[in-house]
Structures are given as structure tokens and as C-alpha cells.
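So the structure is just underneath, and the comments pick up after that.
Values in this text are rule-based calculations from the coordinates and carry no lab data. All figures in this text were calculated on a predicted structure; none of them were measured in a lab. Heads up, the Cβs are rebuilt from the backbone with ideal geometry, glycines too, and the neighbour counts pull from every protein chain shown.
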Amino acid sequence: MSAMPRIPALISRAGAASAVTAATLAASVLVPGLASEASAATPGEQALKVAAGKAGSPYQYGAAGPNRFDCSGLTQYSFKKAGKNLPRVAADQYNRTRHISGGSRQVGDLVFFHSGSNVYHVGIYAGSNKIWHAPKPGATVRLEKIWTGSVWYGRVN
């Protein structure tokens, strides 16, 4: 029996797989957070995609996912999905990161909001002076402009 009758079926299957791959890649570029966490280059970029994928999840004090978050719960959850362990609260996360200058910040770095020496909030840097974060009670996970100059930056190693 010849293999020729099976060739169109094989080409058809390969074409369908290519179409699915192409559609997935196109969607991941258009919709942040849609790509698999493993496709990003750095743990910070992977964590950013996870956080973006949680857009609209409600804030809940003390929550660390998968459906509700507070600020440090979102960063802890996102980095855990990227294969990195962070402590639970923002101040401890700051102490666990490599501190960097604002001029050295990169997409995926953590942004720590502080008053004096007290760290009170954290988000994941998304570029263009914006962060993904879980802001406050009554709000949802969202992308937002950094609203103050009282921030420090940290990189998860």
C-alpha cells in the first residue's frame, strides 16, 4: 500500500497545527497575559504576564490568589508562577530583592512605594512608568501609572 493517500491528511494536520500556533502567537502579542508564563525571557517578564492575566481580579486584604489579591499577594503569586519564591508582605519582598536605581529599572522589576523607610505597597513594573498591581479595597488588579516619586525598585534574582 502506498503512503501517497495519507500525505494530504498529514499536510492538513500540519497546516492546522501551524494555524493554531500562529493564532496563539498573535493573540499573545495583542492580549497581555495570554501567552504562557514559560514563553517570557526573564522571571520578571514571566511574572508580569501572570499579573496582567489577573486583570480585573478583586482586591482582598491578605489574599494571594488565585482569584483575589492584595498588592504583595499578587507579586508573590506572579513570581511563584515564574519559578521564584518571594516572602508574603511588601517590606519583606523589598528586603529579598536586589535594589536598583530608577534608571536601571526594567520590565518585570518590583516597584516599592514607601513613606520614609516604611514600604507600604508593591507592583510589577510594566514599562512606560506603569505598574500592574492590586491597589486597594473596592478596586481590581489593573495597570496604572506610578503616581509618586517615593518609590524604590527591586529585581528578583
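For the range 65-116, which semi-axes, largest first and in whole Å, follow from the square roots of 5 times the eigenvalues of its Cα gyration tensor? Mind showing how you got there, number by number?
Numbers: eigenvalues 74, 35, 21 Å².
Working through the eigenvalues yields semi-axes of 19, 13, 10 Å.
Partners of Lys84 within straight-line reach, counting aspartates and glutamates whose Cα lies under 15 Å from its Cα and excluding those fewer than 8 residues away in the same chain: Glu37, Glu45, Asp92, Asp109. For the range 37-83, what percent of Cα pairs sit more than 18 Å apart? Of all Cα-Cα distances in the range 37-83, 22 percent exceed 18 Å.
Where the alpha-carbon atoms of the range 58-152 are placed on the principal axes, they occupy 33, 27, 25 Å, in descending order. The Cβ shell under 13 Å around Gln93 holds other residues with a net charge of +3, Lys and Arg each +1, Asp and Glu each -1. With a cut-off of 13 Å between beta carbons, the residues surrounding Gly65 carry a summed charge of +4, where Lys and Arg count +1 and Asp and Glu -1.
Backbone amide hydrogens, once placed in the peptide plane, bring His121 within less than 5 Å of Phe113, excluding anything fewer than 5 places away on its chain.
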